[in-house]
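**Q** Below you'll find the structure I mean.
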């Protein structure tokens, strides 16, 4: 089960870091289309980790925006009876943005989330290692609060990956 959970998060990090189809070219295109200045998310700012922003601020020298990818639920429903694992893994891509002004932070977070969902849409189908993403996701926006470079906002893109091993 532990390997199943790590496969989904690892694959998603790879998709987001891809120089041709990942978050960087998508964000560049959205910045051009909307006229909203969006700082790039370098591959080094995409983490395969589940950590609270307070701890991340203390433990790492962060430059925002960042994306944390992690698995928050594994469900072995044994839909295929003679498999070791057949079920779903809920994976989360959490976008965090921080800046010194409250103006514009929410719009930037929404555009980054749109970029993450575009990367997901472009990777429907088999992910290998028994993983299959059929599409669909849920987005939850947190309110802007104090933290990071004075203000921080996060949004979570949750999606399920089907597994059969």
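The values are calculated or read from the model by the stated rules, or taken from the named source; none is laboratory data. None of the values given here were measured: they were computed from a predicted structure. Cβ sites come from the backbone with ideal geometry, for glycine too, and all protein chains shown count toward neighbours.
**Q** Looking at residue 25, is it under 17 Å from the mean Cα position of the chain (by Cα), at pLDDT 90 or above and in a loop (DSSP other than H, G, I, E, B)? Working first, answer last.
**A** Details: under 17 Å from the mean Cα position of the chain (by Cα): yes; at pLDDT 90 or above: yes; in a loop (DSSP other than H, G, I, E, B): no.
Criteria not met by residue 25.
**Q** Going by what's in this entry, would residue 139 be described as buried (at least 21 other Cβ atoms within 10 Å of the Cβ) and at pLDDT 95 or above?
**A** Details: buried (at least 21 other Cβ atoms within 10 Å of the Cβ): no; at pLDDT 95 or above: yes.
The answer is no for residue 139.
**Q** Then there is this: Quick check: is even one residue across the stretch 80-103 within 23 Å of the chain's Cα centre (by Cα), surrounded by fewer than 17 Cβ atoms within 10 Å (Cβ to Cβ) and either part of a loop (DSSP other than H, G, I, E, B) or without any contact (Cβ under 8 Å) to a residue 12 or more places away in the chain (or both)?
**A** So far as the stretch 80-103 goes, yes, one or more of its residues are within 23 Å of the chain's Cα centre (by Cα), surrounded by fewer than 17 Cβ atoms within 10 Å (Cβ to Cβ) and either part of a loop (DSSP other than H, G, I, E, B) or without any contact (Cβ under 8 Å) to a residue 12 or more places away in the chain (or both).
**Q** Give the number of residues within the stretch 125-141 that are out of contact with any helix residue (DSSP H, G or I) (no Cβ under 8 Å at 6 or more places or on another chain) and closer than 25 Å to residue 40 by Cβ.
**A** Going through the stretch 125-141 one residue at a time, the tally reaches 1.
**Q** What are the residues in the stretch 124-158 that are within 18 Å of residue 85 (Cβ to Cβ) and assigned to a strand (DSSP E or B), if any?
**A** Pass one, the stretch 124-158, residues within 18 Å of residue 85 (Cβ to Cβ): 126-134.
Scanning the stretch 124-158 gives 126, 127, 128, 131, 132, 133.
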